[in-house]
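Asks: Structure provided below as structure tokens; questions to follow.
The values are calculated or read from the model by the stated rules, or taken from the named source; none is laboratory data. Here the structure is a predicted model, which means the values were calculated and not measured. Please note: Cβ atoms are built from the backbone with ideal geometry, for glycine as well, and neighbour counts cover all protein chains shown. Heavy atoms of the whole protein, side chains included, go into the accessibility calculation; ligands, DNA and RNA do not. Shrake-Rupley method; radii C 1.70, N 1.55, O 1.52, S 1.80 Å.
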Amino acid sequence: MMMTMFARTIHRSSSRINVHHSSLSLSHSLRCNSHSPSNILHCQMSTETASIIDRLKSSGLLRTKGLIGGKWTDAYDGRTIEVNNPASGDVIASVACMGERETKDAISSAYDAFSHWSKLTANDRSSRLRNWYNLLLQHKEELGQLITLEQGKPLKEAIGEVGYGASFIEFFAEEAKRIYGDIIPPTLSDRRLFVLKQPVGVVAAITPWNFPLAMITRKVGPALACGCTVVIKPSELTPLTALAAAELALQSGIPPGVLNVVMGDAPKIGNTLVESPQVRKITFTGSTAVGKKLMAGAAETVKKVSLELGGNAPCIVFDDADLEVAIKGSLATKFRNSGQTCVCANRILVQEGIYEKFTKAFSNAVQNLKVGNGLTEGVAQGPLINEAAVQKVESFVQDAVSKGAKVLLGGKRHSLGMSFYEPTVIGDVKNEMLIARQEVFGPVAPVLRFKTEEEAIQIANDTNAGLAAYIFTNSIKRSWRVSEALEYGIVGVNEGLVSTEVAPFGGYKQSGLGREGSKYGMDDYLEIKYICMGNMG
Ligand code: ADP
């Protein structure tokens, strides 16, 4: 996610939240509305948005309250927070703005529910998760529309996210039945040694806005499969998808209290979760700065911590690459979700022999990406999440250009206004520039030139991040050599889209701790218990 190194303030006409991010101060000063009930707003909304909202409302999927102990709950002081459509500025809904007291109650509910949920058979938990998976898929269209409305990504991508998000529930429903222990040959003849795997307990899951569903399911899926209970804190920018998913979880037979959702004042909720001795694990996807803060806080109660933080993905195109494959792969990894994913290529390293050809063909392909409201047919690039995100992109582009980089395509805000930015390609970028040091998190492809394989590896590894990397080459030997040399948790070879529920996702270095998805994704939610039985001879 974003590593924001400068203070930023969001001020949109209809915006409801002031966010001051900085590596130094992590204050989120939040403007909740006093005493207005959480509900759905129709004033000044486009007809298209209004009719989608009406449909979501009548299907019961547009929830605006938090979920505590199986009950939809307003903030105790009645405060609310508005959720905007980034493509239009429409206020979609007004949701409960919660804090410490609600979070404490959500933790208690999860704690109480643990004794029952953890004792169900794996089969029982599995079949309820399977019901949830089926319901998510049954409501694929509506959930997709909700994602597009609050997050901005094109509807096709949003529906794709629902399939991807649901796949974690299906996968971990199956894994629930495979939590095997061990029997260890004893060192004394009258002893028997066993290893038992048990759920860690209450899990706090803090998630970002760029994948409003999938970032939740890949944490909650393994947690529930293992027998843990959960308090989810979705991003305040995109809480509606989380609440809709929670509604479907209730319908699927997941008992009250097993899954709770609170949102509102992020630092207050975060601190309450971190400080509670009843919470045994924090799982977080988001900025490196907040991740470090949570990790430090978790030390006090020695919680397990899983972190999926910022990336700075290199995408290395060698002279011997298949140009068509390299263009397709680079385009997919750079421009998915308008560049707002932590595995998006952040630096495209191109070998000098193919540099001119690549940048020309790549720029042509980028030029064809249609920008617009994600609900419009054929749109490939939606808006950025908010004004602050555009300002960050602008400042990075400005820095690069002032230091000698050349804009090959785009390079400015889109004429559509709002938070739309033109799909952009910048050439002659150097690894020292801001745009190559930090995640741009926008539709800007910085292209760097290199001479040798060694130089490419050196540039690629010259960062504190280590999440995803991509290489394009037709040499099998080089594929292995470079894959092994890259200090990254994920390597795509001749492929730009690598995420799947069956493979481990996670980073080296400051990109995080732990892995999500796959059989490895269960480990972080399990304790290992060693049982030594004596006097057995
Ligand atoms: P981004 O820069 O991508 O928005 P953040 O790390 O700010 O990433 O946000 C990811 C998640 O972390 C969101 O749910 C956000 O509300 C939450 N968050 C932000 N600040 C804090 C904090 N101090 N404590 C706990 N959670 C936080």
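Asks: Could we say that residue 367 is of a type in the set (S, T, N, Q) and more than 22 Å from the chain's Cα centre (by Cα) here?
Replies: yes
Asks: Could you grab the pairs with beta carbons closer than 8 Å, sequence gap of 6+ or different chains, first residue in region 425-440 and of a type in the set (Lys, Arg) and at pLDDT 95 or above, second one open to solvent by 30 Å² or more (accessible area, probe 1.4 Å) and in a loop (DSSP other than H, G, I, E, B)?
Replies: Within 8 Å, the pairs are 430/403; 430/404.
Asks: I'm checking my understanding of the structure. Among residues of region 489-507 that are in contact with a Phe, Trp or Tyr (Cβ under 6 Å, 6 or more places away or on another chain) and without any contact (Cβ under 8 Å) to a residue 60 or more places away in the chain, which one is surrounded by the fewest Cβ atoms within 10 Å (Cβ to Cβ)?
Replies: 504
Asks: Condition (residue is under 23 Å from the mean Cα position of the chain (by Cα), open to solvent by 20 Å² or more (accessible area, probe 1.4 Å) and near the ligand (Cβ under 10 Å from one of its atoms)) applied to region 231-242: is it met by at least one residue? If you could, list the steps in order and put the result at the bottom.
Replies: We begin by selecting, within region 231-242, every residue under 23 Å from the mean Cα position of the chain (by Cα); these are 231-242.
The next check asks that each one be open to solvent by 20 Å² or more (accessible area, probe 1.4 Å); those that pass are 237.
Filter once more, keeping what is near the ligand (Cβ under 10 Å from one of its atoms): 237.
The answer is yes; a qualifying residue exists.
Asks: Do we find that residue 401 is modelled with pLDDT of 95 or more and part of a helix (DSSP H, G or I) in this structure?
Replies: yes
Asks: Restricting to region 96-118, name every residue that is in contact (Cβ under 8 Å) with a residue 60 or more places away in the chain and open to solvent by 70 Å² or more (accessible area, probe 1.4 Å).
Replies: Narrowing region 96-118 to residues in contact (Cβ under 8 Å) with a residue 60 or more places away in the chain: 96-100, 102-104, 106-114, 116-118.
Passing the criteria: 100, 104, 111, 112, 116.
Asks: Next up: May I ask you to list the residues in region 289-302 that are within 10 Å of the ligand (Cβ to nearest atom) and either aliphatic (A, V, I, L, M) or over 22 Å from residue 436 (Cα atoms) (or both)?
Replies: 289, 290, 293, 294, 297
Asks: Determine whether region 121-138 contains at least one residue that is modelled with pLDDT of 95 or more and touching a strand residue (DSSP E or B) at 6+ places or on another chain (Cβ under 6 Å).
Replies: Keep residues of region 121-138 that are modelled with pLDDT of 95 or more, which gives 121-138.
Okay, now just the ones that are also touching a strand residue (DSSP E or B) at 6+ places or on another chain (Cβ under 6 Å), so none.
No; the residues of region 121-138 include none that is modelled with pLDDT of 95 or more and touching a strand residue (DSSP E or B) at 6+ places or on another chain (Cβ under 6 Å).
Asks: When you scan region 522-532, do you find a residue that is on the phi < 0 side of the Ramachandran plot, assigned to a loop (DSSP other than H, G, I, E, B), of a type outside the set (Ser, Thr, Tyr) and in contact (Cβ under 8 Å) with a residue 40 or more places away in the chain, even just one?
Replies: no
Asks: Given the residues 330, 363, which is the only one that is closer than 30 Å to residue 416 by Cα, touching a residue at least 60 places away in the same chain (Cβ under 8 Å) and crowded, with 22+ Cβ neighbours inside 10 Å?
Replies: Of 330, 363, the one residue that is closer than 30 Å to residue 416 by Cα, touching a residue at least 60 places away in the same chain (Cβ under 8 Å) and crowded, with 22+ Cβ neighbours inside 10 Å is 330.
Asks: Which pairs turn up if I take residues in region 286-305 that are under 12 Å from residue 276 (Cα atoms) and touching a residue at least 24 places away in the same chain (Cβ under 8 Å) and look for partners that are hydrophobic (A, V, I, L, M, F, W, C) and near the ligand (Cβ under 8 Å from one of its atoms) with beta carbon separation below 6 Å, at least 6 apart in sequence or on another chain?
Replies: Matching pairs, first to second residue: 297/274; 298/274.
Asks: Taking only region 459-484 into account, find how many residues are surrounded by 21 or more Cβ atoms within 10 Å (Cβ to Cβ) and in a loop (DSSP other than H, G, I, E, B).
Replies: 5
Asks: Which is acidic (Asp, Glu) and within 25 Å of the chain's Cα centre (by Cα), of 90, 112? Break it down stepwise before answering.
Replies: Working: 112 fails: within 25 Å of the chain's Cα centre (by Cα).
After ruling out the rest, the residue left standing is 90.
Asks: Residue 208 fails exactly one of the following numbered conditions: (1) within 16 Å of the ligand (Cβ to nearest atom); (2) in contact with a Phe, Trp or Tyr (Cβ under 6 Å, 6 or more places away or on another chain). What is the number of that condition?
Replies: So the condition that residue 208 fails would be (2).
Asks: Right, here's the next one. If a residue must be more than 16 Å from the ligand (Cβ to nearest atom), open to solvent by less than 40 Å² (accessible area, probe 1.4 Å) and small (Gly, Ala, Ser), how many such residues does region 383-403 contain?
Replies: 1
Asks: Being within 15 Å of the ligand (Cβ to nearest atom) and over 14 Å from the mean Cα position of the chain (by Cα) is the filter here, so list the residues in region 211-221 that pass it.
Replies: Correct list: empty.
Asks: Looking only at region 382-408, filter to residues that are over 13 Å from residue 440 (Cβ atoms) and among the polar types (S, T, N, Q); which one of those is farthest from the chain's Cα centre (by Cα)?
Replies: Per the criteria, the residue is 402.
Asks: What number of residues in region 496-537 are more than 22 Å from residue 162 (Cα to Cα) and charged (D, E, K, R)?
Replies: Count: 5.
Asks: Scan the strands (runs of 3 or more DSSP E) fully inside region 155-222 and keep the ones with 3 or more residues being crowded, with 24+ Cβ neighbours inside 10 Å.
Replies: 202-206
Asks: Out of (1) part of a strand (DSSP E or B); (2) within 14 Å of the ligand (Cβ to nearest atom); (3) open to solvent by less than 10 Å² (accessible area, probe 1.4 Å), what's the single condition that is false for residue 305?
Replies: (3)
Asks: Which residue pairs have Cβ atoms under 7 Å apart, sit 6 or more places apart or on different chains, and have a first residue in region 258-274 that is in contact (Cβ under 8 Å) with a residue 24 or more places away in the chain and a second that is more than 7 Å from the ligand (Cβ to nearest atom) and of a type in the set (Lys, Arg)?
Replies: Qualifying pairs under 7 Å: 272/104.
Asks: Looking for whichever is buried (at least 24 other Cβ atoms within 10 Å of the Cβ), under 16 Å from residue 316 (Cβ atoms) and not hydroxyl-bearing (Ser, Thr, Tyr) here; the options are 456, 445. Which one fits?
Replies: Values: 456 fails: buried (at least 24 other Cβ atoms within 10 Å of the Cβ).
The unique qualifying residue is 445.
Asks: Does residue 273 satisfy being within 14 Å of the ligand (Cβ to nearest atom) and either under 30 Å from residue 148 (Cα atoms) or open to solvent by less than 10 Å² (accessible area, probe 1.4 Å) (or both)?
Replies: yes
Asks: Let me ask something additional. Please give the number of the condition residue 278 fails out of (1) out of contact with any strand residue (DSSP E or B) (no Cβ under 6 Å at 6 or more places or on another chain); (2) open to solvent by 10 Å² or more (accessible area, probe 1.4 Å); (3) more than 9 Å from the ligand (Cβ to nearest atom); (4) on the phi < 0 side of the Ramachandran plot.
Replies: Condition not satisfied by residue 278: (1).
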